[in-house]
Structure formats: structure tokens, C-alpha cells
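Right, one structure below, let's go through it.
The values are calculated or read from the model by the stated rules, or taken from the named source; none is laboratory data. All of these numbers come straight from a predicted model, not from anything done at the bench. With ideal geometry, Cβ positions are generated from the backbone for all residues, glycine too; neighbour counts draw on all protein chains shown.
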């Protein structure tokens, strides 16, 4: 998958340079929020969990992930599922300096499962799990989790695709200057201590 689509590398560097990672980049580009509005009412995705914990299908995120796009190295680290919540953090580094960071959490609420991001210098943004699917085309077996908040401008959707051999594709979608935009951040699972790739 391409690390980004629909824009030149120069354009993306100019936009992404205003913030850091994933939602942090996205919110800096256009989402204006005093207090992040909740998504409009919609039927949440049904998560099938053998042990009844609605977050269990996302427990695979536990651990560390690393990727690079346009000379920006970004990392995410997720703690184990505990107490009905998963807590994570992400950071983007350019030339050895932190360009952005954000605190993340996955939590169940009465109306569904939410992905909540608090980027550096920004307010909290919440996205409800809208769809959980499996892509079995071309011999794939990718799990896809799509979180949405149509009340926002960008991003309106955040998608986590769990692919084979330790790949994770995080995609943010929405509108920038009135036009639809999509950015894909490819990451690999790594050992949190050594940084070595983990192919699973």
C-alpha cells in the first residue's frame, strides 16, 4: 500500500509539518474543536468476542509499532487490555527531534467502542467503531477496524488494518480544503526494547 495518496510528496510534507502523527497530523490540518462533538447516532458495529469483552478483538494492538513516511519516523505503543480499556501513545520524530505526540485510548461506552485521541496541543477527539470487516481478497486475511466521527472535518474516519507479517496500516480520511483526502501510515510490529521487527 502507498504511504499516501492523492497529493504530491511536497504537499504532504507542507501539511503534515504542522503536526505530528496520525490524528495529531490530521487535527492540525483542519479539525476545529472546542470540545470534540460525539458522532451522530448510528448503529455501532457488532464486535464478536468469545469472552464477552468488547475490546478483545483489538487486543492484538498491544505492543510497539514503527513506520516512516517522508523522513518522519512515527511510533505507537499500546499497553495490554486492562480494566475495560487499552491505553496507547504515539510520537513522531524528525531529524532526532519530536515533531508531535498524542495519547490514545480504546474504551467501551454505552453506544459502542470508541477510539479516543488527545494530540499534543489539541483537544480530545472521539471516534466510534463503525465497522469491523475482514478482507480476504488476493489471499489476504486482513482485519479492518473503522472508527468514524462524521461531525468532524478531518479526520472523519480512522482505520486500522491488521495485515500479515506484522504489518499495520493506519488510515485517516476526511476533507482538506473541501476535497476528500486519505493518508496511509504503514507500520511494522517491533520489539519495544530492541526495535527489531516482529513478523506476526
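For residue 14, the conditions (1) surrounded by fewer than 21 Cβ atoms within 10 Å (Cβ to Cβ); (2) at pLDDT below 50; (3) part of a loop (DSSP other than H, G, I, E, B) all hold with the exception of (3).
Within the span defined as region 62-70, one or more residues are closer than 20 Å to residue 163 by Cα, assigned to a loop (DSSP other than H, G, I, E, B) and either out of contact with any strand residue (DSSP E or B) (no Cβ under 6 Å at 6 or more places or on another chain) or in contact (Cβ under 8 Å) with a residue 12 or more places away in the chain (or both). Given (1) in a strand (DSSP E or B); (2) under 27 Å from residue 68 (Cβ atoms), where does residue 199 come up short, assuming only one miss? Only one criterion in (1) in a strand (DSSP E or B); (2) under 27 Å from residue 68 (Cβ atoms) is unmet by residue 199, namely (1). Given the criteria more than 19 Å from the chain's Cα centre (by Cα) and under 23 Å from residue 62 (Cα atoms), does residue 164 qualify? Judged against the criteria, residue 164 is not a match.
Would you be able to say whether some residue in region 80-93 is touching a residue at least 12 places away in the same chain (Cβ under 8 Å), more than 23 Å from residue 121 (Cα to Cα) and surrounded by 14 or more Cβ atoms within 10 Å (Cβ to Cβ)? Yes, region 80-93 contains a residue that is touching a residue at least 12 places away in the same chain (Cβ under 8 Å), more than 23 Å from residue 121 (Cα to Cα) and surrounded by 14 or more Cβ atoms within 10 Å (Cβ to Cβ).
The number of residues in region 172-194 being surrounded by 21 or more Cβ atoms within 10 Å (Cβ to Cβ) and not in a strand (DSSP E or B) comes to 0. Can you tell me which residue within region 117-171, out of those that are modelled with pLDDT of 95 or more, crowded, with 21+ Cβ neighbours inside 10 Å and touching a helix residue (DSSP H, G or I) at 6+ places or on another chain (Cβ under 7 Å), is nearest to residue 69 (Cα to Cα)? Among those residues, the one meeting the criterion is 170. Of the residues contained in region 110-123, one or more are found to be more than 16 Å from the chain's Cα centre (by Cα), on the phi < 0 side of the Ramachandran plot, free of Cβ contacts under 8 Å to residues at least 12 places away in the same chain and not in a strand (DSSP E or B). Within the option set 107, 131, 139, being more than 24 Å from residue 75 (Cβ to Cβ) and in contact (Cβ under 8 Å) with a residue 40 or more places away in the chain holds for one residue only, 131.
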